[in-house]
Amino acid sequence: MNELVRVEVPGRWEGEAEETAFVGRALQAWFYRELATRDEGLATALHDMSAEKPFSIALRRQPDERLVVTAYGILAPFVLDLSRTMPDRLLLNARWWRREGEAAVERATWPELAAGLLAPAPETRTTLNFVTPTTFRSKGNYLPLPVPQLVFGGLLERWQTWAPVDLGAGAGAALEGIVVRRHRLASVAVQLKGLVPGFVGAAEFELRSAGGPYGGLLGVLARFARFAGVGAKVSTGFGCVDVTTVAGRPASQAQGETGARPGRGN
């Protein structure tokens, strides 16, 4: 249960017309069916789970079309097996999606990700590319904006729920130092039972208070985002991200300049 897995499968829709409807629920249903054929008890337990489920699934369309499945904890072995046994075609919303090529598999362990927390030059900036619609739940409503405390607070909650490596009691407070540097976003609305507001695009975040034991927290959670997804409904096609992180100054230097704004050219 120490491994995290991200699988990307290239493919395309059969026929000349591209599928424009959102297929997140169809993908989720397929995932549960595949899991039930291997472990019906686990599929039932997962379906009944009230906490955030340890997987995400989405069909991304940029820069090319790929099925992305991620998992950690109890589901990592299943998704690894799925990458080797995936059928050539999936029936989604009454249309065939065909696999074209081998699955690309990315793997990590919790200790490998957590090691970035105390790195000599911690990653203090990250860009998240939201490649499928993304949204958050706040006070009972949808909030389609990349508010840092929602983006990384949700990731921290998932980490603390599923990881065998505890990030410590101070991690939540450290999130207050994360700010948005710039963003380029577009609003989207997804039809499920009702319209769900979301966004796609990119946002760059920075951890301004980069010293101390949580100087690498932004980088740790950003790398985790590749395996967890971001925001609400990641098990139904939302919140798939690509991640770019940038190492900052050495921790000893940052610790002596806590709170300083980055200078020109940083």
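Principal-axis analysis of the Cα atoms of the chain puts helix 24-38 at an angle of about 80° to the longest axis.
The GNM of the chain, with springs linking C-alpha atoms under 10 angstrom apart, assigns the highest mean-square fluctuation among Gly11, Gly24, Gly140 to Gly140. Seen against the Cα atoms of the chain and their longest principal axis, helix 76-85 is set at about 40 degrees.
Build a GNM of the chain with springs between Cα atoms under 10 Å apart, and of Pro164, Pro120, Pro87 the one that fluctuates most is Pro87. Other residues whose C-beta falls under 11 angstrom from the C-beta of Gly116 contribute a net charge of -1, scoring Lys and Arg +1 and Asp and Glu -1.
In the chain, the DSSP-assigned H stretches of four residues or longer account for a calculated mean residue ellipticity at 222 nm of -8000 deg cm²/dmol, using -39500 (n - 2.57) per stretch and the full residue count as denominator. Take the Cα of Gln62, step 7 Å toward its Cβ, do the same at Arg181, and the gap between the two points is 2.0 nm. Each Cα pair under 8 Å and six or more residues apart adds its separation to the average, and for segment 3-108 the resulting relative contact order is 49 percent.
Computed over the chain, relative contact order equals 27 percent, with contacts defined as Cα pairs under 8 Å that lie 6+ residues apart. For segment 116-256, the convex hull spanned by the alpha carbon atoms encloses 101 Å³ per residue. Taking amide H as placed 1.01 Å from N in the peptide plane, the amide H of Val188 sits under 5 Å from that of Gly198, Phe199, Val200, each at least 5 places away or on another chain.
Based only on the alpha carbon positions, what is the Kirkwood hydrodynamic radius of the chain, in angstrom?
One decimal place: 19.2 Å for the Kirkwood radius.
Average 1/r across all pairs of distinct alpha carbons in segment 1-101, invert it, and you get the Kirkwood radius: 14.2 Å.
A short reminder: the numbers here are calculations on the coordinates, not readings from a lab. All figures in this text were calculated on a predicted structure; none of them were measured in a lab. Here Cβ is always computed from backbone atoms with ideal geometry, including for glycine, and neighbour counts include all displayed protein chains.
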